[in-house]
Amino acid sequence: METQITQFFNGLGLFSPLDFTDPVTYFIPGFILLILGESLLYQIPQKLFTKKLIKDELSSIGLGLGAVFLDFGMKAVSLSYFFWFYNNFRLTDLFAVGDLSNLLSLQWNLEHWWLWILVMIVQDFGFYWHHRLSHKVRLFWTGHVNHHSAKHLSFAIALRQGWFEIIYRDIWYIPFVILGFHPLMIAMMHQFNLIFQFWPHTDAIGKLGWFDRIFNSPSNHRVHHSRQIEELDKNYGGILMIWDHLFGTYQAEKSTKHDYGILHNISTYNVFHIVFDEFGNMVKDVKNAPDLKSKLSYIFKAPGWKHDGKDERISVLQKGNTNFTKF
């Protein structure tokens, strides 16, 4: 069966995702244990384990399962164009891996630990801009908003991945492939980044002092998932907070009580409604826009832009728009 799948993708001229060892699959038992442990040790004792929470968590798991299926196919596409850029346009062999078997060699990896550190830094930099632009460009927001649509924060929410986002999220790593970083190392580090991002999705872990200043953490990520106006569009880093400090998007947690969700929450637990809700809203806005400029603005400007003057972009709301009411 594996041979047939590989032949199928190779026949399409694509890299077979079965030739990529995805570290996420090895962490699935750990994810399950953490979700169960959070429920037993935190949500139930705190009387948070309600029917609404259960439905929200089941929606998150459904979104996660759909994302796994879609991601399998997109790996074939993204790794294929990664290798195309790497083989035809890379600028240096300074970060060369040599024989691909080296990536499976413990000795080689121990000797080249510094290369993995570099890959982590550049990949996290790419993720920061992917994440930030997913909040700042409405077309991308239609793929990312699903992750923010839950009204609580828990480990299960980490599985709440946007399906559209899977299509475009890897394009931000093309510059690093051209710089000479190996496609498989970039793809591998992206998955390790996702693994790291699992544990910050919780209310059960408090502030961690100096760690919060340097790394993504539950405290930092609670701010990111908050729908309080002053906390919106903050703390985009996947592993490191250095990018948020450098580019002015870092905000330390001031209160452990947060109102989670999106500005205009959606009242549904239907996975497909969650996935297509904002995309459908964007299509309606484009259709009703009076001219081409407005149509393009609804696609490429920040979420909340309106042609009729009722501007609900986060940058505008944070400047003191008092006429906005969340619901």
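Throughout, read-outs are computed from the coordinates displayed, never taken from laboratory work. Predicted model, so just to flag it, every value in this text is computed and none were measured. Here the Cβ is made from the backbone with ideal geometry for all residues, glycine too, and neighbour counts use every protein chain on show.
Can you give the translational diffusion coefficient of the chain in µm²/s, computed by Stokes-Einstein from the Kirkwood radius over Cα pairs at 25 °C and 0.890 mPa s?
116
If you average 1/r over every pair of different alpha-carbon atoms in region 271-317 and take one over that average, what Kirkwood value in Å do you get? Show your work: numbers first, answer last.
Details: mean 1/r = 0.0890 Å⁻¹.
That comes to 11.2 Å for region 271-317.
From the backbone phi of region 303-308, what are the Karplus-calculated ³J(HN,Hα) couplings (6.51 cos²θ - 1.76 cosθ + 1.60, θ = phi - 60°) in whole Hz, Gly and Pro given as x?
With the stated coefficients, region 303-308 comes to x, x, 5, 9, 6, 8 Hz.
Restricting to DSSP H runs of at least four residues, report the calculated mean residue ellipticity at 222 nm for the chain, -39500 (n - 2.57) per run over all residues, nearest 500 deg cm²/dmol. Walk me through the numbers before you get to the answer.
Numbers: 15 runs with 177 residues, N = 327.
Estimated from H runs of four or more residues: -16500 deg cm²/dmol.
By the scheme Lys and Arg +1, Asp and Glu -1, what is the net charge of all other residues having a beta-carbon under 9 Å from that of Glu253?
On the way: positive: Lys207, Arg222, Lys254; negative: Asp212, Glu231.
Residues close to Glu253 contribute a combined charge of +1.
Below 12 angstrom from the Cβ of Met188, what's the summed charge of the other residues (Lys, Arg +1; Asp, Glu -1)? Please report the intermediate quantities before stating the final value.
Numbers: positive: Lys75; negative: Asp22.
Computed value for this residue: 0.
Students often get this wrong, so check it: of Lys234/Lys257; Lys136/Lys306; Lys55/Lys319; Lys207/Lys319; Lys136/Lys310; Lys47/Lys136, which have C-alpha atoms separated by over 26 Å?
Working: Lys234/Lys257 16 Å; Lys136/Lys306 14 Å; Lys55/Lys319 36 Å; Lys207/Lys319 28 Å; Lys136/Lys310 17 Å; Lys47/Lys136 36 Å.
In this structure, Lys55/Lys319; Lys207/Lys319; Lys47/Lys136 exceed 26 Å between Cα atoms.
Over the Cα atoms, compute the radius of gyration (one decimal) and Dmax (the largest Cα-Cα distance, rounded to a whole number) for region 126-179, in Å.
So, for region 126-179, Rg and Dmax equal 12.3, 41 Å respectively.
Starting with the highest mean, order 201-209, 182-190 by the number of other Cβ atoms within 10 Å, averaged over the residues of each peptide.
Working: 201-209: 16.1, 182-190: 22.3.
Taking the mean over residues of other Cβ atoms within 10 Å, the ranking is 182-190, 201-209.
Kindly identify region 120-228 as rounded, prolate or oblate by the Cα gyration tensor criterion: order the square roots of the eigenvalues as a ≥ b ≥ c, call it rounded if a/c is under 1.5, otherwise compare a/b with b/c, prolate if a/b is larger, else oblate.
Working: a/c = 2.02, a/b = 1.34, b/c = 1.51.
Because a/c hits 1.5 or more and a/b fails to exceed b/c, region 120-228 counts as oblate.
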